[in-house]
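Below: the structure, in structure tokens.
The values are calculated or read from the model by the stated rules, or taken from the named source; none is laboratory data. It should be emphasised that the depicted structure is a prediction, and the values quoted were computed from it without experimental measurement. A quick note on method: Cβ atoms are made from the backbone with ideal geometry, for glycine too, and the neighbour counts reach across all protein chains shown.
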């Protein structure tokens, strides 16, 4: 004879199953920080080539709200992550459950401001052994962007002169460190309050953009890396030598102006790349690259973090810690 079913026990078991299929996450409903909501959402479903990562830290980007085109449904932001592999898809052979990893989540899918994130396994690399998850996650977009700019799109050479706009920011702070490692003569624009900071990162010269127009003091620069856009980008043509390169991750430089002046103009969006992340991890473990973290917030206070980021002029990155 079957034992009678206890209704309370049955409900408890059912609730436990439902709970295991859900997670805490942050979602955004509109392109503004005040739309950030901390809530329970379904866990992601893995594709065969995905890994499910238990997120330990995720960095935010202030411009993130402008990346998305489809606001018909809420989105999980923050594509820069570090964590531990919790499960793998059927086709995954290059990462294992328990691996400490970091990576950049493709911008076409939900991000990592959640307890778990689904990411293509090919976009993950072993986390730098010398860094905790908070430091590691800051490299997966900012350092990766700087690396692809100065090593791929406009390869910087030893002895060349490079001007980096926004030297104290997330991308700029890594670009300075990479340029210094390459052996370039580094020039950064920054406010006076950040001058000593960017010099510590490797700037040979610092131009206070609040008091000095950089085009009045510079000529024959080999490479300009622009992380700011707008007026700074438009004035950068004047400082480059003919045959030099103008790189922007903020907006697309004028192709007509580039052709007229004999300058190579490049606009690009960073792409996930395991090989590049592996090289960056090696530099971090050698003490060449150091993450700059301006603030750390728990996931439940993500709205405050995004509001802080929206004010701009931060040193390095703001990070969400997911416990």
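Taking the criterion of being under 17 Å from the mean Cα position of the chain (by Cα) and surrounded by fewer than 15 Cβ atoms within 10 Å (Cβ to Cβ), the residues of the range 311-323 that qualify are 312, 313.
When the range 111-157 is filtered for residues that are under 24 Å from residue 179 (Cα atoms) and part of a strand (DSSP E or B), the ones remaining, listed by number, are 125, 126. Each residue in the range 273-291 was checked for being exposed (fewer than 13 other Cβ atoms within 10 Å of the Cβ) and outside any helix (DSSP H, G or I), and 2 pass. Of the candidates 188, 196, the single residue that is within 18 Å of residue 294 (Cβ to Cβ), at pLDDT 95 or above, surrounded by fewer than 16 Cβ atoms within 10 Å (Cβ to Cβ) and in the same structural domain as residue 232 (by TED's automatic domain parsing) is 196. Consider residue 71 carefully, then state whether it is over 21 Å from residue 319 (Cα atoms), modelled with pLDDT under 95 and surrounded by fewer than 17 Cβ atoms within 10 Å (Cβ to Cβ). The answer is yes for residue 71.
Of the set (1) within 26 Å of residue 316 (Cβ to Cβ); (2) assigned to a loop (DSSP other than H, G, I, E, B); (3) in contact with a helix residue (DSSP H, G or I) (Cβ under 9 Å, 6 or more places away or on another chain), all apply to residue 219 but (1). Among the conditions (1) part of a helix (DSSP H, G or I); (2) in contact with a helix residue (DSSP H, G or I) (Cβ under 8 Å, 6 or more places away or on another chain), residue 196 misses just one, which is (2).
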